[in-house]
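The values are calculated or read from the model by the stated rules, or taken from the named source; none is laboratory data. For clarity, every value in this text was computed on a predicted model and none was experimentally measured. Note that we place each Cβ from the backbone using ideal geometry, even for glycine, and neighbour counts take in every protein chain shown. Areas reflect the complete protein model, heavy atoms only, side chains present, ligands, DNA and RNA absent. Shrake-Rupley method; radii C 1.70, N 1.55, O 1.52, S 1.80 Å.
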Amino acid sequence: MFGDYSISDLGAILAMQGFAGLILFSVYVLMALGLAIIFGQMGVINMAHGEFMILGAYVTWMTSNAVQHVAPWLFPGYFFIAMILAFIASGALGMLVEWVLIRHLYKRPLDTLLATWGLSLILQQAYRSIFGAREVGVELPEWMMGSWQATDSIQIPINGMFVMGLTILITIVVFYILFWSSWGKQVRAVVQNRVMAGAVGINTEKVDRYTFGLGCGIAGIAGSAFTMIGSTGPTAGQLYIVDTFLVVVFGGAASLFGTIASAFSISQTQSTLEFFLSGSMAKVITLLTIVAILMVRPQGLFALKVRK
């Protein structure tokens, strides 16, 4: 026996905690992928990234309500429509913000931090004025409800499996875009040497705008996934922004591989510790461990690339 649990019960609980960590890992990856593209590839500290995520969550909520009232026969598949709309809305807002604000602040990371922090406050107030201060939740289709009985003592939520599948798909698409598409080659060329990239005919301003829009659009998809595990409110994005920055910095700001490895390490550690300790203590121990590792390896798990 282990306290009040038998060995088999403890194993089942730890397995379910591990799966809960995978769900948290999925949200971290979706958030951090967009942030890693913006911060790692562009050198912009986007403190409003959480608000782009919440825009995607609100778009999902509005799509859910609209489909139920206008076309209820579409409700079983409305979530796929909502994710596309969330990506478009967050990505379009991101490109607008890049054109109006961010393009004037490149190579000035502290200025981008202050500017986007102010933008986050503006967006929070806008959400509060438009949608109200109360948190809202979406109604999931029936096929997303319930759990899959893995064993006699282990149940896995179906919506959690959907979030993980979505994360794997988005990650593959992002890797394809950045490493195998012609546009991805342009992005990496601008990151390595902006002046030379411009000299060979690459429209660096257009690359910057689309890159920022892509990062914000992925945050919008993360917002859609977020509606499955939490309620949506004007300030909900702030609950994840610090953890997301930790994931990106710990993994290496310019490394998507490092982002995934970092998200997995942090989410699993935090989820496992929460079984033995309180949630706040688990977060404190996780943060102290990350700080200790960064003191030894400040560039993160993978080597950092610098924008030139």
_Quick test of your reading of the structure: T232 fulfils all but one of (1) open to solvent by 40 Å² or more (accessible area, probe 1.4 Å); (2) polar (S, T, N, Q); (3) in contact with a strand residue (DSSP E or B) (Cβ under 7 Å, 6 or more places away or on another chain). Name the failing condition by number._
(1)
*For the range 125-146, state whether one or more residues are surrounded by 15 or more Cβ atoms within 10 Å (Cβ to Cβ), polar (S, T, N, Q) and touching a residue at least 12 places away in the same chain (Cβ under 8 Å).*
no
*Quick check: is even one residue across the range 174-186 among the β-branched types (V, I, T) and more than 12 Å from I37 (Cβ to Cβ)?*
no
*Does N65 satisfy being farther than 23 Å from V174 by Cβ and more than 12 Å from the chain's Cα centre (by Cα)?*
yes
*Looking at the range 42-85, which of its residues are part of a loop (DSSP other than H, G, I, E, B), closer than 30 Å to T112 by Cβ and not polar (S, T, N, Q)?*
G43, V44, I45, M47, A48
*farther than 23 Å from A236 by Cα and either open to solvent by less than 10 Å² (accessible area, probe 1.4 Å) or of a type in the set (K, R) (or both) - does that describe any residue in the range 105-117?*
yes
*Quick one: count up the residues across the range 189-203 that are part of a helix (DSSP H, G or I) and either acidic (D, E) or surrounded by fewer than 16 Cβ atoms within 10 Å (Cβ to Cβ) (or both).*
5
*Could you give me the residue pairs with C-beta distances under 9 Å whose first residue belongs to the range 268-297 and is closer than 17 Å to L24 by Cα and in a helix (DSSP H, G or I), whose second residue is at pLDDT 80 or above and open to solvent by 80 Å² or more (accessible area, probe 1.4 Å) wherever it lies, and which are 6+ apart or on separate chains?*
L273/M281; E274/M281
*Under 7 Å between Cβ atoms, at least 6 apart or on separate chains: pull out the pairs that start in the range 223-244 with a residue that is in contact (Cβ under 8 Å) with a residue 24 or more places away in the chain and end on any residue that is among the charged types (D, E, K, R) and surrounded by 22 or more Cβ atoms within 10 Å (Cβ to Cβ).*
G237/E51
*Out of the range 26-50, which residues are open to solvent by 10 Å² or more (accessible area, probe 1.4 Å) and at pLDDT 85 or above?*
M47
*Is there any pair with a first residue in the range 105-117 that is in contact (Cβ under 8 Å) with a residue 40 or more places away in the chain and under 8 Å from V44 (Cα atoms) and a second that is of a type in the set (A, V, I, L, M) and in a loop (DSSP other than H, G, I, E, B) whose Cβ atoms are under 8 Å apart and which are 6 or more apart or on different chains, and what are they?*
Y106/V44; P109/V44; P109/I45; T112/V44; T112/I45; T112/L105; L113/I45; L113/M47
_Single residue of the range 213-238 satisfying the filter (aliphatic (A, V, I, L, M) and over 11 Å from M53 (Cα atoms)) that is modelled with the highest pLDDT_ = L214
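Would you mind stating whether I170 is hydrophobic (A, V, I, L, M, F, W, C), surrounded by 14 or more Cβ atoms within 10 Å (Cβ to Cβ) and touching a Phe, Trp or Tyr at 6+ places or on another chain (Cβ under 8 Å)?
Spelling it out, it is not the case that I170 is hydrophobic (A, V, I, L, M, F, W, C), surrounded by 14 or more Cβ atoms within 10 Å (Cβ to Cβ) and touching a Phe, Trp or Tyr at 6+ places or on another chain (Cβ under 8 Å).
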*Can you tell me which residue within the range 204-217, out of those that are touching a residue at least 60 places away in the same chain (Cβ under 8 Å) and charged (D, E, K, R), is least open to solvent (accessible area, probe 1.4 Å)?*
D208
